[in-house]
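In what follows, a structure is listed as structure tokens, so that the remarks can point back to it.
Any read-out appearing in this document is the output of simple, stated calculations on the displayed coordinates, not a laboratory observation. Bear in mind the structure is a predicted one, so any value in this text is a computation, not a measurement. Glycine also receives a Cβ, built like all others from the backbone with ideal geometry; neighbour counts cover every protein chain displayed.
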Amino acid sequence: MTTVAAYAAPAANAPLARTTVERRPVGEHDVLIDIAFVGICHSDIHQVHDGWGGAVFPMVPGHEITGVVAQVGGSVTKFAVGDRVGVGCMVDSCRTCDNCRAGLEQYCDDGPVWTYNAVDRQGRPTYGGYAETIVVDQDFVLRFPDALPMDAGAPLLCAGITTYSPLRHWGAGPGKRVAVVGFGGIGHVAVKIAHALGAEVTVLSQSLRKRDDGLRLGADRYYATSDPATFDALSRRFDLILNTVSAPLDFPALFDLLRRDGTMVNLGLPEKELPVDLRTLGGNRRSMSSSSIGGIAETQEMLDFCARHGVAAEIETIRADQVNEAYKRVQAGDVRYRFVIDAATV
């Protein structure tokens, strides 16, 4: 085992502090990565606060990881020392169930091994990317395109694939009208990707405060959900609505914005149950669905797509010792639009 520096939460709701954790030795199929940058995802905050239950401490968050290969195992064929790489939300799966064989490891029947706050197949706790290094099986490492900056590209490993996967699955592209609910860390990436796919993109945000940013980043229209006139103007307009908000919403009003056969996909994971009366979906074969990141192959496809189209996150880079203040600012909505930790400061 190797001891490395990291930032960890020692208990639920406790501030993160610098500490050390143990990484497993580099196995035959493993890649040792010197971490360069790691994004702060809102799910990191949910987990540190044990908002979803089942959290295990000490916890090292971070699943938007970019870095450089420092060592490879003897049987590694996909990567070499010096390669630019990324690691997202999962680091293993059973690999044998129908979903894994279909390249949908995120839906593994046994459950994927998450990058942090999980237990690996050998019974060891997983620690995330708020650290100096990480050891990952080569099959769950992504090749990070040269055209993507390693700092602004890091959030693509979660926010990017979380939005790309449903956009691709539900056929976003030319001739399709897509609405993005919420314009934050996930929402602004959704706008960029949907625009790059060729869809008509509308942002539905609580206010017009970020309207200029939304239009600059690819939205065709930007509406405030606090204005009742929005729902009259946009009635039955959209083929697809991506809801990036993990909070109570007026779901019946949003359902009415869907066209016949339209779908609302929920990407946010709230800490409390949200009651939804499915009768308010109405007729017109409207659907309500969900989506969870993407498989490894689709994540690589997403990175390559973003590299070709110049898509990356809007970020504010911070030192590791600023992480607790960054968490507070995320909760206050005071970031445009994603914090990224410079891992050299861990």
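Quick check: net charge around Pro112, other residues with Cβ under 9 Å of its Cβ, Lys/Arg +1 and Asp/Glu -1?
-3
Please compute the net charge surrounding Glu200, taking Lys and Arg as +1 and Asp and Glu as -1 over other residues with Cβ under 11 Å from its Cβ.
For residues surrounding Glu200, the net value is +2.
Helix-only mean residue ellipticity at 222 nm, the chain, DSSP H runs n ≥ 4 weighted -39,500 (n - 2.57), per residue, nearest 500. What is it?
Helices in the chain give a 222 nm mean residue ellipticity of -5500 deg cm²/dmol.
Given axes a ≥ b ≥ c from the Cα gyration tensor, I'd like to know whether segment 14-163 is rounded (a/c under 1.5), prolate (a/b larger than b/c) or oblate.
rounded
At most 14 other Cβ atoms within 10 Å and a DSSP loop assignment: could you name the trypsin sites (Lys or Arg not before Pro) in segment 200-242 that fit?
Answer by residue number: Arg209, Arg236.
GNM on the chain, C-alpha springs below 10 Å: top fluctuator among Ser75, Ser292, Ser165?
Result for the chain, Cα springs under 10 Å: Ser75 fluctuates most.
Fewest first, what order do Lys176, Lys78 take by the number of other Cβ atoms within 10 Å?
By the 10 Å Cβ count, ascending: Lys78, Lys176.
With each pseudo-label sitting 7 Å past Cα toward Cβ, what's the Trp52-Glu316 distance in nm, one decimal?
That separation, rounded to one decimal, is 2.5 nm.
Segment 116-136 to segment 196-232: how many Å between their Cα centroids?
Between the Cα centre of segment 116-136 and that of segment 196-232, the gap is 38 Å.
Say we join alpha carbon atoms closer than 10 Å with springs in a Gaussian network model of the chain; which of Ala332, Ala55, Ala152 then has the biggest fluctuation?
Sorting by GNM fluctuation, first place goes to Ala332.
Sequence gap at least 6, Cα distance under 8 Å: using those rules, report the relative contact order of the chain to the nearest whole percent.
Here the relative contact order equals 19 percent.
Order of Val181, Val72 from fewest to most other C-beta atoms within 10 Å?
Val72, Val181
Would you kindly state how much longer the chain becomes between Ser226 and Ala12 on full extension, computed as 0.36 nm times their sequence separation minus their alpha carbon distance, in nm to one decimal?
73.6 nm
Indicate the gyration tensor shape class of segment 159-290 (rounded, prolate or oblate), computed on the Cα atoms with a ≥ b ≥ c the square roots of the eigenvalues: a/c under 1.5 is rounded; otherwise a/b larger than b/c is prolate and the rest oblate.
It is rounded, given that a/c, with a ≥ b ≥ c, falls under 1.5.
Determine one quarter of the surface area of the Cα convex hull of the chain, which equals its mean projected area, and express it in nm² to one decimal.
16.5 nm²
Of all beta bridges DSSP finds with both residues in the chain, what is the antiparallel percent, to the nearest 5?
That works out to approximately 55 percent antiparallel.
Please compute the length gained on full extension between Ala70 and Ala297, using 0.36 nm multiplied by the number of residues separating them and subtracting their Cα-Cα distance.
79.4 nm
Gly184's amide H: which non-local residues (gap 5+, or another chain) put their own amide H closer than 5 Å, with H modeled 1.01 Å from N in plane and none for Pro or chain starts?
The answer is none.
Mind ranking 251-263, 16-28 by how tightly packed they are, going by the mean number of other C-beta atoms within 10 angstrom, highest first?
Most protected by this proxy first, the peptides run 251-263, 16-28.
Would you look at the GNM of the chain, springs on alpha carbons closer than 10 Å, and say which of Ala312, Ala11, Ala154 moves the most?
Ala11
Counting other C-beta atoms within 10 Å, which of Cys306, Cys108, Cys97, Cys158 has the fewest, and how do the rest follow?
Cys97, Cys108, Cys306, Cys158
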